[in-house]
Amino acid sequence: MTNTLDYKTVSSENVTNWFKAAPVTAFPANGGACVLYRGKQIAVFNFTRRDEWYACQNLCPHKQQMILSRGMIGSEQDEPKVACPFHKRAFSLQSGKCLNADECAIATYPVKIEEGYVYIGFDEA
Ligand code: FES
């Protein structure tokens, strides 16, 4: 079973592989959807209100639920965040840090948009 240790943050300088995930139209405005990359579920958010995109592990570290893509997104002091629908733990979509509890951080990934497609950055070949 996948656990949170299988996910590791990738910074944009370390991207070696841009994974072509899906057309931008696959992601609802101000919402998320889940994509699969090598057995890992990645939540991708089309944060229309900020005109930004984010990606993070879909796994909520609190109770190991694959759910974050269905979480509510918002901003806290200009920091974009996602709240888990189950018990409302909120995580920064930039640093992955848990903003309202002692939960461990989630992994985040760079996103780029090219010619109508969403790409997620990974550091494995
Ligand atoms: S499972 Fe996500 S907050 Fe509890």
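The values are calculated or read from the model by the stated rules, or taken from the named source; none is laboratory data. Predicted model, so just to flag it, every value in this text is computed and none were measured. Please note: Cβ atoms are built from the backbone with ideal geometry, for glycine as well, and neighbour counts cover all protein chains shown. Heavy atoms of the whole protein, side chains included, go into the accessibility calculation; ligands, DNA and RNA do not. Shrake-Rupley method; radii C 1.70, N 1.55, O 1.52, S 1.80 Å.
Have a look at 58, 100, 17, 30 and point out the one that is crowded, with 18+ Cβ neighbours inside 10 Å and among the polar types (S, T, N, Q). Please lay out each step first, then the result.
Numbers: 100 fails: crowded, with 18+ Cβ neighbours inside 10 Å; 17 fails: crowded, with 18+ Cβ neighbours inside 10 Å; 30 fails: crowded, with 18+ Cβ neighbours inside 10 Å.
Unique residue meeting the criteria: 58.
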Kindly evaluate residue 63 against the criterion of being without any contact (Cβ under 8 Å) to a residue 12 or more places away in the chain, open to solvent by 50 Å² or more (accessible area, probe 1.4 Å) and within 15 Å of the ligand (Cβ to nearest atom). no
Tell me, yes or no, whether segment 77-87 has at least one residue that is more than 18 Å from residue 7 (Cβ to Cβ), in contact with a Phe, Trp or Tyr (Cβ under 9 Å, 6 or more places away or on another chain) and more than 15 Å from the ligand (Cβ to nearest atom). yes
Only one of these conditions is not met by residue 18: (1) away from the ligand (no atom under 16 Å from the Cβ); (2) farther than 19 Å from residue 124 by Cα; (3) more than 11 Å from the chain's Cα centre (by Cα); (4) outside any loop (DSSP other than H, G, I, E, B). Which number is it? (2)
Tally of residues being touching a residue at least 24 places away in the same chain (Cβ under 8 Å) and out of contact with any helix residue (DSSP H, G or I) (no Cβ under 8 Å at 6 or more places or on another chain) across segment 108-125: 9
The condition of being in contact with a Pro (Cβ under 8 Å, 6 or more places away or on another chain) and more than 12 Å from the ligand (Cβ to nearest atom) holds, among 73, 42, 113, 106, only for 73
